[in-house]
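The values are calculated or read from the model by the stated rules, or taken from the named source; none is laboratory data. In this text, all values refer to a predicted model and were calculated from it rather than measured experimentally. Cβ sites come from the backbone with ideal geometry, for glycine too, and all protein chains shown count toward neighbours.
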Ligand code: P6P
């Protein structure tokens, strides 16, 4: 049995990055418990930074993560998908020793939880203070937690992609190491399917997958959908723009697309906006959105080739 902390140490993680990831994992344990007991699955009566209704669980998850990021004193700036403004460590500006910034989506797909579907928390970590002016290539680590029949945590720090499962005594135990995607796929996840009425290329791509008998796997939660791809060792997840509802695409560069792009590229896959690799996009503002085509490398190449 190899635990997350041991694996991070053996991977050569700097001590403060290892401690930070352990604090994030601890927040995940509390969120998993809150979902299991499901005391309040209703609306919180507030909106997030993107104007979306917040659930009580969204607010609780955000607070649990914020508290852990602040008490560890390793994070100078934390940006939440649920908040308009970043939060800063208390010692900022006073010989602050915090070396990292964290962008996180505390409970991505939370609208699925009342239907008892899997959801997730997503984290992107860079060195230094803040994200603007950087790209996804500046990430030093990325991780996501899936709250499903089991609670799993999958991370990369640039030395492969590795999965851990929360065991009965509350430890994350290594369950899948050095995950590698096959170059081609049998599953596809066509997000923003409404866009096939607006864009002939996307329509042709979806029809090709159906003609070639691919199997559709799309849950409405990016974390479980990307997780499906990693566990099955193949797949492609798409969420293009091409629709009036999402002219820039729906998914956020900072909180969803960069961390998953890092994790999938480290598993031998690819991630593209249709114009360039996702992790080459410059971060200009925290809540910016991007189209994304991510997964088995040959599938991404074919899709991107079909968009031009
Ligand atoms: P749609 C969840 O709201 C999310 O941000 C991602 O987790 C998911 O992949 C996508 O949006 C689902 O969007 O338009 O299918 O509901």
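Of the residues that sit in segment 167-197 and are away from the ligand (no atom under 16 Å from the Cβ) and surrounded by 21 or more Cβ atoms within 10 Å (Cβ to Cβ), which one is farthest from residue 4 (Cα to Cα)?
185
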Checklist outcome for this item: Of (1) in a helix (DSSP H, G or I); (2) within 14 Å of the ligand (Cβ to nearest atom); (3) surrounded by fewer than 17 Cβ atoms within 10 Å (Cβ to Cβ), residue 203 fails just (2)
Checklist entry - Would a scan of segment 244-265 turn up a residue that is buried (at least 17 other Cβ atoms within 10 Å of the Cβ), without any contact (Cβ under 8 Å) to a residue 24 or more places away in the chain and away from the ligand (no atom under 13 Å from the Cβ)? => result yes
Checklist entry - Among the listed residues 220, 133, which satisfies the condition of being more than 16 Å from the ligand (Cβ to nearest atom) and on the phi > 0 side of the Ramachandran plot? => result 133
Checklist entry - Among the residues of segment 224-233, is there at least one that is closer than 16 Å to residue 50 by Cβ, within 10 Å of the chain's Cα centre (by Cα), near the ligand (Cβ under 10 Å from one of its atoms) and surrounded by 18 or more Cβ atoms within 10 Å (Cβ to Cβ)? => result no
Checklist entry - In segment 70-82, is there at least one residue being more than 20 Å from residue 131 (Cβ to Cβ), surrounded by fewer than 19 Cβ atoms within 10 Å (Cβ to Cβ) and more than 17 Å from the chain's Cα centre (by Cα)? => result yes
Checklist outcome for this item: Of all helices (runs of 4 or more DSSP H) fully inside segment 219-308, the set with 2 or more residues that are closer than 20 Å to residue 209 by Cα and outside the structural domain of residue 134 (by TED's automatic domain parsing) is 222-232, 297-307
Next on the checklist: Could you check segment 31-43 and list, in sequence order, the residues that are in contact with a helix residue (DSSP H, G or I) (Cβ under 7 Å, 6 or more places away or on another chain) and buried (at least 17 other Cβ atoms within 10 Å of the Cβ)?
Outcome noted: 31, 34, 35
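So, in segment 156-179, how many residues would count as being more than 23 Å from residue 36 (Cα to Cα) and either touching a helix residue (DSSP H, G or I) at 6+ places or on another chain (Cβ under 9 Å) or in contact (Cβ under 8 Å) with a residue 60 or more places away in the chain (or both)?
Here the count works out to 10.
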Checklist entry - Across segment 94-114, what is the total count of residues that are touching a helix residue (DSSP H, G or I) at 6+ places or on another chain (Cβ under 9 Å), loosely packed, with under 15 Cβ neighbours inside 10 Å and under 22 Å from residue 34 (Cα atoms)? => result 0
